[in-house]
1. Output the number of residues of region 442-463 satisfying the condition of being over 13 Å from Glu409 (Cβ atoms), open to solvent by less than 40 Å² (accessible area, probe 1.4 Å) and out of contact with any helix residue (DSSP H, G or I) (no Cβ under 7 Å at 6 or more places or on another chain).
2. Which of the residues spanning region 120-154 are more than 30 Å from Asp489 (Cα to Cα) and either open to solvent by 40 Å² or more (accessible area, probe 1.4 Å) or charged (D, E, K, R) (or both)?
3. Within region 278-287, how many residues turn out to be assigned to a loop (DSSP other than H, G, I, E, B) and in contact (Cβ under 8 Å) with a residue 24 or more places away in the chain?
4. Which number in (1) over 24 Å from the mean Cα position of the chain (by Cα); (2) outside any strand (DSSP E or B); (3) surrounded by 15 or more Cβ atoms within 10 Å (Cβ to Cβ) marks the one condition that Ala238 misses?
5. Name the single residue, out of those in region 288-312 being outside any strand (DSSP E or B) and touching a residue at least 24 places away in the same chain (Cβ under 8 Å), that is surrounded by the fewest Cβ atoms within 10 Å (Cβ to Cβ).
6. Could you go through region 495-505 and let me know if any residue there is of a type in the set (Asp, Glu), more than 30 Å from Phe52 (Cα to Cα) and surrounded by 18 or more Cβ atoms within 10 Å (Cβ to Cβ).
7. Taking region 319-362, which residues are more than 26 Å from Arg222 (Cα to Cα) and touching a residue at least 40 places away in the same chain (Cβ under 8 Å)?
8. On the given criteria, is Asp166 farther than 30 Å from Ser457 by Cα and either in contact with a Cys (Cβ under 8 Å, 6 or more places away or on another chain) or without any contact (Cβ under 8 Å) to a residue 40 or more places away in the chain (or both)?
Amino acid sequence: MAITMAQVKLRSVATASGLLISVLVALPAVAVDTQITPQLRTSSYAYQIDEFDTDGTDEGLALAVSPSIDFLLTSKVLQTRFSWQHESLFYEDSQRSNRSYDEFDFSNVLSLYNDRLTWGINARNSYQVRNSQSGIFNDKITAGGELSEATSYGSFLNLATASYSDLDAALRLDYSHSEYDRPDIDDGLPAFDSDSYRAGLLLASRDRSNTTFWRLEGSVSRTNRQELTDYDSRVAQALFGLPLSSRLSIIGRGSYEYTDNNNFYQNEFSSYGGGIELKLGRVSWINVSINRSTTRRFEQENEDNTYWATAFYLAPSRRTSLEGTYDRRYFGRTASLAGQYNIRALTIRLNVSDSVQTQTSLDREQLDLGIFVCPDSAAEVTDCFRPPNANYTPQPGESFQQVFDVGVELDQELVLRRSASLALGYNKRRLSINMLLNATDLEYVERNNEQSSRSVSLRTGWRFSERSSINASLRVYQIDYQFADREDDNILMSVGYDMTLSEQSEMSLSLRRTERNSNIDRFNGSENRVWLTYIYSF
């Protein structure tokens, strides 16, 4: 799990800074809280690596020196975060040479008129695995040559009506750019970059019971791919309802979808139908409809279907909600499900979805694990805790952060992805437990191949006192690369002890074991690692 904060690109810093200054000048006088935190992190590593297709054991020592600076600006209407980290690695190892990395993170979100207008820009420069076949847990310490330098930046604009308005209207515009360089050791993917554009519009009535209700929504998107042909998508949906009583309504619905990769993956889908909707309680509802659809595919005969569909939103209490759909699209049956249950110590989140998009774009569709309170220097979810109540105010040096679990594949290919995830979080007094279960099936629609993965992620933490804590994690990925006739079991186990020495300094001792067991022997491998870290905050 990783905390997603800001994201930055080196050559975008000057532009982003100029935009930020312009915004600050234009803002009226408001209370602004600014924090600047320089930090120096030093770590010494000892590791032992065994690989099936190499003779002997790869052993070595490494020293990492990482100066960094974090800038945080918060006000009633603006939140800006900029961080920079340089990492120099020095090896006592004949297999590796010294390396250095520069990483940036930047985000700026401006919210006006009670969040009815929101504008944000973000950028990022980091190093990561693009192809999980080369080693899903590879990192800068022992496998820097297998990491791709990944750069992304983008912007979004949201316009929405007030929550008390009878009309629910929203417009969202998004742009993102991504670049991925080839690593020093070939990972089977070329260097590439892509640009994604998306516009979405929603117009709807808020009340679904007292008067005729309706909902119109649509989106247009385009992904420009450097190595492959561009991909276009257009989606529209309409719903109209006529109440027969305060509980029961007649509904009519329709949908349209068009996709095109300027090659052979061209699909057009349209449907219409009618049914009934039942209102359950104050805000909950469920509907069922009978529909007629027509699917047109590239160089194939039209396909007509009659099918039933359902959509629902259930919110029996303020802490519990479940919403979902069961419908049809051009690739067949489609389903979505999103639910959450929140109490003071326990959070449960469920998500089921399918989508067709490039994997570069899918990587940004991260599973939302909820709101946490995190120290400004937090790097892992175990450094954070859930707010004890809805009215909690972050203390100096703390901020609210969205916590996500991120994907493991990054390339430009177009995929149909079906995913189901269940996240559980428990935090009470000194104990924190976070678990994520995930199942994902990928169909590479442009080359007719498939891949599936099943994963379990478990992180636990126990705080002995205000100055010391212990944490442990277990991550298991089972991946079936059907196109390569290869199945891997990837396991990571780690444990660490953290101790605060003073207001400015911290120290930690960590152990880690990784294993990859494959049905193809030459991909088997394991690593043992131990390291000591000292952090000084100026």
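1. Residues meeting the conditions: 2.
2. Result: Asn122, Arg124, Tyr153.
3. The number of residues fulfilling the criteria is 2.
4. Unmet condition: (2).
5. This residue is Glu299.
6. yes
7. Arg344, Ala345, Leu346, Thr347, Ile348, Arg349, Leu350
8. No; evaluated as a whole, the condition is false for this residue.
The values are calculated or read from the model by the stated rules, or taken from the named source; none is laboratory data. As the structure is a prediction and not an experimental result, all values here were calculated from the model. FYI the Cβ positions are ideal-geometry reconstructions off the backbone, even for glycines, and counts take in every protein chain you see. For the accessible areas, the whole protein counts, side chains as well, though only heavy atoms, and no ligand, DNA or RNA atoms are used. Shrake-Rupley method; radii C 1.70, N 1.55, O 1.52, S 1.80 Å.
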